Structures are given as C-alpha cells and as structure tokens.
Amino acid sequence: MTGAGISAESGVPTFRGPDGLWRNYSAMDLATPQAFARDPRLVWQWYRWRQGIIGKAEPNPGHLALARLQSRISGFTLTTQNVDGLHQRAGSAHVIELHGNIWRARCAGGCGFVRDVAGEPRGDEPLGEPDAVPVCRCGALLRPDVVWFGESLDAARIELAVRAARDCDVFLAVGTSALVHPAAGLPLLAGRAGALVVEINVDETPLTPQAGLVLRGKAAEVLPALELRL
Ligand code: BJW
Ligand code: ZN
C-alpha cells in the first residue's frame, strides 16, 4: 500500500509534514463534504491547482519498481491512498484506489454521473483560475471524485484491500503517515494475519513499532534496491 510519500519525488506535495499541503491549507476547509457545501468554488480551485502540479509530474523509480514487481510476483496487489494516477501511468494494473482519483468528477447530488476531467483546464495557483464550478447533467454540482474526511470509502474497494491484506505474505507500507483510517488499519490487519510488514518511509510513523522490517529512506531509492534483491 502506498501513500503520498511515494509521489514526493515526482514533485507532488504530501499532506502532512514540513512541506505538506496541510501546512498552508486547512484540511477542514478543503477536504470535507462540509467545506464543499460551504464553498465549492474554493474547493475546485484547490483541486485544479493540484491537477496542474500532478499533470506535470512523471512516475518516479519507486512507482516503476512497483509496476515491475507486479509482473514478477503472482498475487501482487497494489492498494494506494493516492489520487494522482501515477501508479497507472507507471504501468501498474488493477490499482485499488482507496481515496478516489483527482482526474474524475462525480455528481454531488448523488445521481451517479461520473466525468473524466483530465482534458479540462487546470490551475497554476492554489486559488487562481479557472474557478468555475462544473455542473452535472442533472443540475446538481459536480465534485472531485475523491474521498473526504467523514466520508465512507467505496465498499468494494476497501473489501478487496482488506482481503489482500489478510491473505498476503508480505505487506509493504510505502510513504504513508499511517494516520488516516481505514487505510492505516490495513498493515495491522496483515501483521495480525501473519504477514511480514515492511515500512518504507523517510520518517518514523505510528506503524513503525508494529513493522517487522523498517527500511528508512526514500521510496524512489528503496523500492528499486529492494527489487534487485528479489
Ligand atoms: C516519504 C517520502 C519519500 C515523504 N519516500 N516516504 C478510526 C480512528 C480514528 C479516526 C477515524 C477512524 N476511522 C475513520 C476515522 C476518521 C478519519 C480519520 O482517519 N481521521 C484520522 C486523521 C484521525 N477517516 C475518514 O474520515 C475516512 N472515512 C471513513 O472512515 O468513513 C467512515 C467513518 C467516518 C467518520 C468517523 C468514523 C468512520 C476517510 C478518509 C479520507 C482521507 N482523504 C484524504 C484526501 C483525499 C483526496 C485528496 O487527495 O484531496 O486522503 S486526506 C489525505 O490523507 C489523503 C491521503 O490519501 C491520506 C493519507 O495521507 P498519506 O498518504 O499517508 O500522506 P501523508 O502526507 O500523511 O504522509 C506522507 C508520508 O510519506 C510521511 O510519513 C512521510 O514521512 C513520508 N514520505 N517523502 C518515502 N520520498
Ligand atoms: Zn447528477
């Protein structure tokens, strides 16, 4: 399972930490359904700015190593908390995206409509243009197709991720602060079911004491090195 840290070396900011997104922007003002209800324009500006950054980013050697591992190891499952789509661009297949994808918008009114927004204008600044709020064909607003705090994850996706965690021999927790649930529970589940839990992170996290092996370093360096030893 990966988190924002794997995309850090692609130039995509993480959420927490000294250079994280939450340092300058409040999660509660931007990544909750209440924030969207209060100011959908602000929320779209922020997401389009992030699309601008992600759109210029390329998968790094960490993403590429995971894609190659998938082709070498049968039963390899890749679960990500990231919404940037960089794993797919690196060649990974069947990625379980727990928190959605920034390149899609969906109806906030619940009619089920989903639209690909990858070809639409992106922002250059956090609160800059374009600032229009897209509207669904049913008349309700469209929102980024991501999972905000207080929202449930897609049941089928979390079910697949739970099953993979319970059944695996080795669980790699890569570049995640291991704070956000239910994703943060997956390595614990794997560990309890007998898997070797390997943490790959530049820093300590709440998962560190539970990990069977800690590889301290950048995902873009550790993963290719790990791959060479398999
Ligand atoms: C490197 C590196 C390099 C840097 N190499 N490493 C149980 C207990 C307590 C609370 C809850 C609970 N169950 C649910 C909750 C509430 C809440 C929650 O978990 N809160 C906690 C923060 C306390 N969870 C939810 O609300 C979830 N919904 C839910 O459970 O519904 C049912 C329910 C609701 C309410 C109550 C109870 C049940 C939904 C969570 C949705 C998270 N959404 C976001 C935004 C997605 C859209 C977007 O991108 O805008 O997801 S928040 C943000 O955090 C994003 C990320 O996917 C997620 C995790 O962050 P991640 O990936 O770990 O990044 P960082 O920045 O935190 O860490 C980066 C790490 O990388 C660091 O450790 C660095 O050291 C490291 N690093 N460079 C390797 N080069
Ligand atoms: Zn609709």
*Would you please name the residue that is nearest to ligand 1 (Cβ to nearest atom), looking only at residues in the range 26-54 that are outside any helix (DSSP H, G or I) and surrounded by fewer than 18 Cβ atoms within 10 Å (Cβ to Cβ)?*
T32
_Top-ranked residue of the range 1-25 - restricted to ones that are among the hydroxyl-bearing types (S, T, Y) and assigned to a loop (DSSP other than H, G, I, E, B), ranked as modelled with the lowest pLDDT_ = Y25
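Residues are listed down the side, and each one gets a yes or a no for (1) within 21 Å of the chain's Cα centre (by Cα); (2) away from ligand 1 (no atom under 14 Å from the Cβ):
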| residue | (1), (2) |
| --- | --- |
| H94 | yes, yes |
| E97 | yes, no |
| N101 | yes, no |
| C111 | no, yes |
| A118 | yes, yes |
*Only one of these conditions is not met by T77: (1) β-branched (V, I, T); (2) within 13 Å of ligand 1 (Cβ to nearest atom); (3) part of a loop (DSSP other than H, G, I, E, B). Which number is it?*
(2)
*Got a number for residues in the range 191-211 being surrounded by 14 or more Cβ atoms within 10 Å (Cβ to Cβ) and small (G, A, S)?*
3
_Among the candidates E120, E58, residue that is surrounded by 13 or more Cβ atoms within 10 Å (Cβ to Cβ) and among the acidic types (D, E)_ = E120
*Going through the range 68-95 one residue at a time, which ones are surrounded by 15 or more Cβ atoms within 10 Å (Cβ to Cβ) and either touching a Ser or Thr at 6+ places or on another chain (Cβ under 7 Å) or β-branched (V, I, T) (or both)?*
Q70, T77, L78, T79, T80, Q81, N82, V83, D84, L86, H87, V95
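The values are calculated or read from the model by the stated rules, or taken from the named source; none is laboratory data. Everything numeric in this text was worked out from a predicted model, so none of it was measured. Counting neighbours? That spans all protein chains shown, and the Cβs are built from the backbone with ideal geometry, glycine included.
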